[in-house]
Amino acid sequence: GSGSGAWSWHFFFLGAGFMLLETKSIVQFALLWGSTWSSASLAIASVLVMALASALVASQVDIRRRGPIVVALLALIAVNYVVPVGRVTFDSRIAESLFYGALVFSPVFCAGLLFSTSFKDSSSTADDFGANLLGAMVGGVGEYLSLLAGYRFLLILVAICYVLAIVTRRRIADRGLRIADSIADSIVD
């Protein structure tokens, strides 16, 4: 769509939350498997696969209600907070990897679904993508708060970002209606 010049807090908070979630996930993988190029590569690839999978699902499935996605995302964030990496141990390294992979990266999938469905509904993709990128930059800087409060604290920030994204989502629908009304008014005039 064409740019309306309106700022989207919804996309800003989606970007900030995603960057914090991605950073936390990569660091948790490093804590579990060591800070090597292979574990970092695996963590980054996992984030990208989850983001791609969520975009593919959103492109194929018409998601009308975001409530279940939000509930699942916040529940998964809560589980990640309660079960920090390394707390549950397995006899098999493969089982441990699968368990923590699912635990750490499943919120990324839900976050990607929220972004994809919102972006699909966007009437101002350039503005909304710009707000999302700025949010991601702020989230990247916010990651340094983990040096003061720890990486589990980032999960609280992630949850706050996603709650704020949901609260500010209504403005997208309102802005779309205003754009449609202004187009209709210009056609009538």
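The values are calculated or read from the model by the stated rules, or taken from the named source; none is laboratory data. Source: prediction; values computed, not measured. Note: ideal-geometry Cβ built from the backbone for every residue, glycine included; neighbour counts use all protein chains shown. Please note that ligands, DNA and RNA were not included when accessible areas were found on the heavy atoms of the full protein model with its side chains. Shrake-Rupley method; radii C 1.70, N 1.55, O 1.52, S 1.80 Å.
When Cys161 is tested against the conditions (1) modelled with pLDDT under 95; (2) within 21 Å of Ile26 (Cα to Cα); (3) in contact with a helix residue (DSSP H, G or I) (Cβ under 7 Å, 6 or more places away or on another chain), the lone failure is (1).
The residue of segment 43-83 that is most open to solvent (accessible area, probe 1.4 Å), among those that are among the polar types (S, T, N, Q) and touching a residue at least 24 places away in the same chain (Cβ under 8 Å), is Ser59. What about Ala30, is it at pLDDT below 85 and in a helix (DSSP H, G or I)? When the stated conditions are applied, Ala30 passes them.
Among the residues of segment 131-151, those that are assigned to a helix (DSSP H, G or I) and small (Gly, Ala, Ser) comprise Ala131, Gly135, Ala136, Gly139, Gly140, Gly142, Ser146, Ala149.
Considering only segment 1-54, state which residues are farther than 21 Å from Phe109 by Cβ, of a type in the set (S, T, N, Q) and out of contact with any helix residue (DSSP H, G or I) (no Cβ under 7 Å at 6 or more places or on another chain). Scanning segment 1-54 gives Ser2, Ser35, Thr36, Ser38.
State whether the residues of segment 77-89 include one that is modelled with pLDDT under 95, of a type in the set (Gly, Ala, Ser) and under 21 Å from Gln28 (Cβ atoms). Yes, segment 77-89 contains a residue that is modelled with pLDDT under 95, of a type in the set (Gly, Ala, Ser) and under 21 Å from Gln28 (Cβ atoms).
If we scan segment 2-22, do we find a residue that is assigned to a helix (DSSP H, G or I), aliphatic (A, V, I, L, M), over 21 Å from Ala159 (Cβ atoms) and open to solvent by 50 Å² or more (accessible area, probe 1.4 Å)? No, that holds for no residue. Of everything in segment 164-189 that is modelled with pLDDT of 90 or more and not polar (S, T, N, Q), the residue that is least open to solvent (accessible area, probe 1.4 Å) is Ala165.
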